[in-house]
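Notes to accompany the following structure.
The values are calculated or read from the model by the stated rules, or taken from the named source; none is laboratory data. A quick note: this is a predicted structure, and the numbers were derived from the prediction, not measured. Here the Cβ positions follow ideal geometry from the backbone for every residue, glycine too, while neighbour counts run over all protein chains shown. For accessibility, only protein heavy atoms count, side chains too; no ligands or nucleic acids. Shrake-Rupley method; radii C 1.70, N 1.55, O 1.52, S 1.80 Å.
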Amino acid sequence: MNFNDFNFDESTKQTLQTIDTLNRMPHAIIIESKDKEKSLELASFLSMWAVCTGKNKPCGICEQCHKAKEKAHADIKYAYPEKKSKTYSIDQMRDILKDSFIRPNEANAKVYIFEEADNRLSAVVQNSLLKLLEEPPQNVFFILLCENSKKLLITILSRCVLLRIKSEQKFDKFAAQSAKEIVHGILSAREYELLKAINTLCDKEKSDEILSIVKLILRDGLAILSGADCIFDEELGKIISTHMTKSKILEMIELTEAAKSKITQNININLLATWLCGEYRRISWQR
Ligand SMILES: [Zn+2]
């Protein structure tokens, strides 16, 4: 596979490479990501791969690749709900299913892409798609994009390969690392650890992003306690959920938000760091 011009994380690349090596591109793929652009990028990559006539697919230079990239390929269809509707109708899905049995126009494959599948495909419509996924036509690929694959029917999930793109990728690496250290510091019994981690906020360029990620990680802890999905870091989320109550986590999220707004007010960042450290510890240790 040719990943040039594409920016995927390592685990996504490895999964794709394995599929390619085994020559087993699944007929139905679910791409799950909180980042719609990332999902679309991967969908575009897969559709190019499906129609490419080059050797190292997707070559990015053949006519098929170009058309796929420009969303102008006759055999690659992005399904959109009909006007004024937020979901796909059953008639629309029937048309798509019928269409999928017609031979491709110019490539050797056909691709159907459904954006926001978790919101736009009702259970009835998913069921009609299901029949097709059980016995898919040759060289036809269905790609479902979603934020939360758990909202899709289990029967659909079981017939699709799930590709998950982690959200962490879109954050600055330094900021993500600092945020994780701050959370570890909050959970640590030693004040020094938190103080040291919080000092990274002194990098004014990064401080706002670091705190945004701290909030995300705390939210993950809350998500686990509420049975919801993690967005950023499931592992850390789990640790938080075993160490803190819901109300403590909520208080910390509010505190982090307050610190974020203080940064925009040009407060002395050293003072802010000391204050924040004390407040995190106060919440941590209160009964
Ligand atoms: Zn190509």
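Take the conditions in contact (Cβ under 8 Å) with a residue 12 or more places away in the chain and in the same structural domain as Leu195 (by TED's automatic domain parsing) and apply them to Ala228. Does it pass? Against the criterion (in contact (Cβ under 8 Å) with a residue 12 or more places away in the chain and in the same structural domain as Leu195 (by TED's automatic domain parsing)), Ala228 does not qualify.
Candidates are the residues of the range 218-232 that are of a type in the set (D, E, K, R) and at pLDDT 85 or above; the one that is most open to solvent (accessible area, probe 1.4 Å) is Arg219. Filtered by the rule that a residue be modelled with pLDDT of 90 or more and either among the small types (Gly, Ala, Ser) or open to solvent by 50 Å² or more (accessible area, probe 1.4 Å) (or both), the range 244-270 gives Thr245, Lys246, Ser247, Leu250, Glu251, Glu254, Glu257, Ala258, Ala259. Candidates in the range 16-25 are the residues that are surrounded by fewer than 16 Cβ atoms within 10 Å (Cβ to Cβ) and in a helix (DSSP H, G or I); of these, the one that is farthest from the ligand (Cβ to nearest atom) is Thr18. Can you tell me which residue is farthest from the ligand (Cβ to nearest atom) among those in the range 65-76 that are under 25 Å from the mean Cα position of the chain (by Cα) and open to solvent by 70 Å² or more (accessible area, probe 1.4 Å)? The qualifying residue farthest from the ligand (Cβ to nearest atom) is Lys71. Could you please let me know if Ala79 is aliphatic (A, V, I, L, M), within 16 Å of the ligand (Cβ to nearest atom) and closer than 24 Å to Glu41 by Cα? Considered against the rule, which asks whether it is aliphatic (A, V, I, L, M), within 16 Å of the ligand (Cβ to nearest atom) and closer than 24 Å to Glu41 by Cα, Ala79 comes out as no.
Residues are listed down the side, and each one gets a yes or a no for (1) touching a helix residue (DSSP H, G or I) at 6+ places or on another chain (Cβ under 9 Å); (2) open to solvent by 60 Å² or more (accessible area, probe 1.4 Å); (3) within 16 Å of the ligand (Cβ to nearest atom):
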| position | (1), (2), (3) |
| --- | --- |
| Met1 | yes, no, yes |
| Phe6 | yes, no, yes |
| His27 | yes, yes, no |
| Ser39 | no, no, no |
| Glu63 | no, yes, yes |
| Lys86 | yes, yes, no |
| Ser100 | yes, no, no |
| Asn105 | no, yes, no |
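In the range 190-232, how many are aromatic (Phe, Trp, Tyr) and within 19 Å of Cys277 (Cα to Cα)? Summing the residues that are aromatic (Phe, Trp, Tyr) and within 19 Å of Cys277 (Cα to Cα) in the range 190-232 gives 1.
Quick check on Ser241: is it within 30 Å of Lys151 (Cα to Cα), surrounded by fewer than 16 Cβ atoms within 10 Å (Cβ to Cβ) and modelled with pLDDT of 90 or more? It is false that Ser241 is within 30 Å of Lys151 (Cα to Cα), surrounded by fewer than 16 Cβ atoms within 10 Å (Cβ to Cβ) and modelled with pLDDT of 90 or more. Selection of the range 45-61 for residues being of a type in the set (S, T, N, Q) and either near the ligand (Cβ under 8 Å from one of its atoms) or at pLDDT below 95 (or both) yields Thr53, Asn56. Checked against (1) open to solvent by less than 10 Å² (accessible area, probe 1.4 Å); (2) within 22 Å of the chain's Cα centre (by Cα); (3) of a type outside the set (D, E, K, R), Val161 passes all but a single condition, namely (1).
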